[in-house]
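The structure appears right after this line, and notes come after that.
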Amino acid sequence: MHPMLNIAVRSARAAGNVIVRAFEQDDKIEVELKGTNDFVTNIDILAEQTIVDSIQKSYPSHSIIGEECGLIEGTDNDFQWIIDPIDGTTNFVKGIPHFAVSIALKVKGKLDQAVIYDPIRGELFTASRGKGAQLNGFRIRVKQSKELTGAILATGFPFKKKQHMNAYLDIFKTLFLKTADMRRAGSAALDLAYVAAGRVDGFFEIGLKPWDTAAGELLVIEAGGLVTDFTGGHNHNNSGNIVASSSRLLKEILKDIRPHLGDSLNK
Ligand code: IPD
Ligand code: CA
Ligand code: CA
Ligand code: CA
């Protein structure tokens with residue numbers, strides 16, 4: 001295993017232990033609101049600190065961006081870690097056992113290493129640039145689906161940006177009518193990991209942040225899939241609007257998204 005992936009895995013497991021311990025005795029969880037419908041807890045912050053400490057111990061010069069801590073600039077900006085300590089905080093707060101730790105490393109601006117760890121199921125998704133993607137050490141692959149008929153798509157609702165709801169619902173309706181079904185499980189990182197593992201055929205969501213998608217993007221690519229924005233380009237880190245699936249299915253999904261792009265929603 002690449003030494004930097006090894007550190008990412010160790011950090012994710014350490015954070016996972018913190019998260020599961022708190023999940024099992026939920027009187028230790030203190031919930032606050034960052035914005036409308038946007039929860040954060042003391043455990044998000046504690047888990048993130050655990051990851052930051054672990055990375056900095058091995059790589060003190062690297063930069064880190066975390067959802068809760070923001071940018072921690074290092075002296076070596078060629079290496080940038082992107083952390084989501086709990087992806088699926090709403091599930092975590094409500095007692096729904098579906099959330100993950102997400103850690104990615106970019107080297108000179110390119111995704112290089114990725115870990116998504118589901119501490120409840122003990123599922124560890126890993127990827128290294130050019131080396132494929134694994135679940136608990138076993139190779140995983142994106143389902144090479146060709147059409148929406150029979151497909152299951154994962155998605156997320158724009159609960160923080162309800163001004164996008166109409167555009168989102170138009171896209172949802174168009175795709176829903178063609179697919180077998182949709183899933184809204186509550187963790188974008190796990191949605192992407194499930195695309196990589198072939199558990200769902202594809203994923204689309206609007207308004208995501210780099211820490212939601214960085215590790216998942218490398219997993220999907222290394223598992224033989226594609227990740228784009230809503231026009232088929234690569235602006236998803238800015239727009240937050242993302243599609244992931246096999247290349248054939250992605251074309252079909254984009255065809256159905258395109259007519260709904262407009263002022264409120266682009267790329
Ligand atoms: C959220 C989850 C959710 C998605 C939200 C994200 P968080 O991340 O990934 O599935 O729909 O947009 O913000 O806030 O729980 O880390
Ligand atoms: Ca959050
Ligand atoms: Ca997240
Ligand atoms: Ca989070």
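Side notes on the structure shown:
- Taken over region 19-42, residues that are of a type in the set (A, V, I, L, M) and more than 28 Å from F157 (Cα to Cα) amount to 0.
- For region 33-54, the count of residues that are of a type in the set (K, R) and more than 16 Å from ligand 1 (Cβ to nearest atom) is zero.
- In region 164-236, counting only strands (runs of 3 or more DSSP E) that sit wholly within it, the ones holding 3 or more residues that are surrounded by fewer than 24 Cβ atoms within 10 Å (Cβ to Cβ) and outside the structural domain of I83 (by TED's automatic domain parsing) span 181-183, 226-228.
- Which listed residue, of K106, K143, K131, is under 21 Å from R10 (Cα atoms) and assigned to a loop (DSSP other than H, G, I, E, B): K131
- Hits in region 169-206 (condition: of a type in the set (K, R) and in contact with a Leu (Cβ under 7 Å, 6 or more places away or on another chain)): K178
- Every pair of residues 6+ apart whose Cβ atoms lie under 6 Å, when the first sits in region 198-214 and is more than 21 Å from R139 (Cβ to Cβ) while the second is within 16 Å of ligand 2 (Cβ to nearest atom) and in a helix (DSSP H, G or I): E205/A188; L208/A188; D212/A188
- Some residue of region 50-58 being closer than 19 Å to G122 by Cα, over 18 Å from the mean Cα position of the chain (by Cα) and among the β-branched types (V, I, T): yes
- Across region 71-103, the number of residues qualifying as of a type outside the set (V, I, T), more than 14 Å from ligand 3 (Cβ to nearest atom) and either at pLDDT below 95 or more than 19 Å from A114 (Cα to Cα) (or both) comes to 7.
- Residue tally, condition farther than 19 Å from G216 by Cα, surrounded by 15 or more Cβ atoms within 10 Å (Cβ to Cβ) and more than 16 Å from ligand 4 (Cβ to nearest atom), over region 71-95: 2
- Looking only at region 20-40, residues that are surrounded by 19 or more Cβ atoms within 10 Å (Cβ to Cβ) and in contact with a Phe, Trp or Tyr (Cβ under 7 Å, 6 or more places away or on another chain) come to 1 in all.
- Residue count, region 1-47 (criterion: in contact with a strand residue (DSSP E or B) (Cβ under 7 Å, 6 or more places away or on another chain) and among the aromatic types (F, W, Y)): 1
- Residue selected from region 182-236 under the condition small (G, A, S) and more than 14 Å from the chain's Cα centre (by Cα), by the criterion farthest from ligand 2 (Cβ to nearest atom): G224
- F138 satisfies every condition listed in (1) closer than 21 Å to H260 by Cβ; (2) free of Cβ contacts under 8 Å to residues at least 12 places away in the same chain except (1).
The values are calculated or read from the model by the stated rules, or taken from the named source; none is laboratory data. Keep in mind the model is a prediction, meaning the values are calculated, not measured. Cβ sites come from the backbone with ideal geometry, for glycine too, and all protein chains shown count toward neighbours.
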